[in-house]
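Single-structure report; data block below.
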2 protein chains.
Amino acid sequence: MPYTYQYPRPALTVDCVVFGYDEEELKVLLIQRDLEPFAGKWALPGGFVQVEETLDDAARRELREETGVTDLYLEQLYTFGALQRDPRERVVSVAYYALVNLFEHPVAAATDARNAAWFPADDTPPLAFDHEEILAAALKRLQGKVRYQPVGFELLPAKFTLTQLQRLYEAILETPLDKRNFRKKLLGMDLLLALDEVEQDVAHRAARLYRFDEEKYRALTEKGFNFEL
Amino acid sequence: MPYTYQYPRPALTVDCVVFGYDEEELKVLLIQRDLEPFAGKWALPGGFVQVEETLDDAARRELREETGVTDLYLEQLYTFGALQRDPRERVVSVAYYALVNLFEHPVAAATDARNAAWFPADDTPPLAFDHEEILAAALKRLQGKVRYQPVGFELLPAKFTLTQLQRLYEAILETPLDKRNFRKKLLGMDLLLALDEVEQDVAHRAARLYRFDEEKYRALTEKGFNFEL
DNA sequence: TCAAAAGTGTTAACCATACACCCATGC
DNA sequence: GCATGGGTGTATGGTTAACACTTTTGA
């Protein structure tokens, strides 16, 4: 059924940069396109915004449909509107970035049978459209954000060790951190709940597990507290 | 001439939050609507994105057409896509914020004869659409940005005194700053060029004028320098 | 008993903050 | 000469950064 307007309208899409962490490096979730343009190329998951859904809803829906990933931390990144970013016609895309626990969110076969897989965030195959630019912007945003907001916890299991947390921050910031200073700072914030549990099945002394205390974080944020790694 | 598509498309607009500074408080540029919906109400300048112009271009064009303001610092803020933000139909709006020198950019009569005027940024009349929400987001962004990037200089004349600069920061951050510490910090950054000029026509000792050294700023930024008020 | 990672304090350098008086100028 | 804002330095406390060894555990 056709829809007619008095003036031409750009198409509107969402694209999602989904970051994951596999205890080693930062990953990004890509899908392989099976339609033109760029058939066979890897790209960010995304698609057209429907007229009766919000932008956030569109991003979540596309992610679910194309990668099976649900229930994630999602935040709007930037809107890309260059004239030739899609060779077919004018397409404006609202980009989002998301953080998920890579192990708790296995990449289900996408409903429309495209391939979906995790790639190192700083070493992807060539991407379709302007998706490399979008990915670069998302990485930069994540690096900025992580310094003053405790977003990184979304990337870890609910229970984690301080070393895991430190490795994650090192992976995101691409810089080594001092163990003692890192622990001092994090523990000093009083945002981590020490559990009476240690990690299992390791070939050395088992580390204590912690949990991020969201309650406390909310309380502190309201009082004008700043995370500041 | 009608344009027809296979699926319905949201309309796409830009809205601009233009901040100015009158040596006293932070102002925002509003226009008075003369068309429905919200005829007679004050609103942010903005309008429809044309299919052959980028989002930035659309923002600049609308500003020029509606307020006569050109040649300003402009940055994308956020894209607003709530379902009922426009009562007529689904409209997604890419919001921008801009900084201009209020005195060097007098508000020309808008080409389409709407009224345009400056209002205190924290005390506007009720605004059309979700523009109050957009304004609040822009204010928050400005307050965040100003702490670690020297954006504020766009709001001042090219030559300014340190006291003017301090007042501006106080207005944006809504907090008083210590004169000696402020000067120490700013001058220590080596980003201000002291001129051999002083202000004119003041009834007390004339203050030295400074100019922001963009060259030096660019050089430092590349080396990973951080502004940090 | 060895390997591997956990856990833990101190010091020195730097930075942020608080604070008050004299000076130059125009009226 | 007085009112107005311009301009300047120091001392203190807190924060960050650098740094190495002992402990626990499983293999």
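Readers should treat all values here as calculations from the given coordinates under stated rules, not as data from a laboratory. Quick caveat: nothing in here was measured; it's all calculated off a predicted structure. Heads up, the Cβs are rebuilt from the backbone with ideal geometry, glycines too, and the neighbour counts pull from every protein chain shown.
Just a yes or no: is a residue in the range B:143-158 within 14 Å of DNA strand D (Cβ to nearest atom) and either away from chain A (no Cβ under 14 Å) or surrounded by fewer than 18 Cβ atoms within 10 Å (Cβ to Cβ) (or both)? Among the residues of the range B:143-158, at least one is within 14 Å of DNA strand D (Cβ to nearest atom) and either away from chain A (no Cβ under 14 Å) or surrounded by fewer than 18 Cβ atoms within 10 Å (Cβ to Cβ) (or both), which makes the answer yes. Filtering the range B:179-193 for residues that are more than 13 Å from DNA strand D (Cβ to nearest atom), under 17 Å from B:Glu228 (Cα atoms), within 14 Å of chain A (Cβ to nearest Cβ) and in a loop (DSSP other than H, G, I, E, B) leaves an empty set. All conditions but one from (1) within 16 Å of DNA strand C (Cβ to nearest atom); (2) away from chain A (no Cβ under 14 Å) apply to B:Glu174; the one that does not is (2). Checked across the range B:204-211, the condition of being more than 15 Å from DNA strand C (Cβ to nearest atom), surrounded by 11 or more Cβ atoms within 10 Å (Cβ to Cβ), away from chain A (no Cβ under 14 Å) and not in a helix (DSSP H, G or I) holds for at least one residue. Residue-level analysis places B:Val107 among those that are crowded, with 17+ Cβ neighbours inside 10 Å, in contact with a Ser or Thr (Cβ under 7 Å, 6 or more places away or on another chain) and not in a strand (DSSP E or B).
Scanning the range B:87-111 for residues that are more than 27 Å from B:Lys145 (Cα to Cα) and in contact (Cβ under 8 Å) with a residue 60 or more places away in the chain yields B:Glu89, B:Arg90, B:Val91, B:Ala110.
The range A:1-90 holds strands (runs of 3 or more DSSP E) entirely within its bounds, and those carrying 3 or more residues that are over 30 Å from B:Gln84 (Cβ atoms) map to A:11-21, A:26-32.
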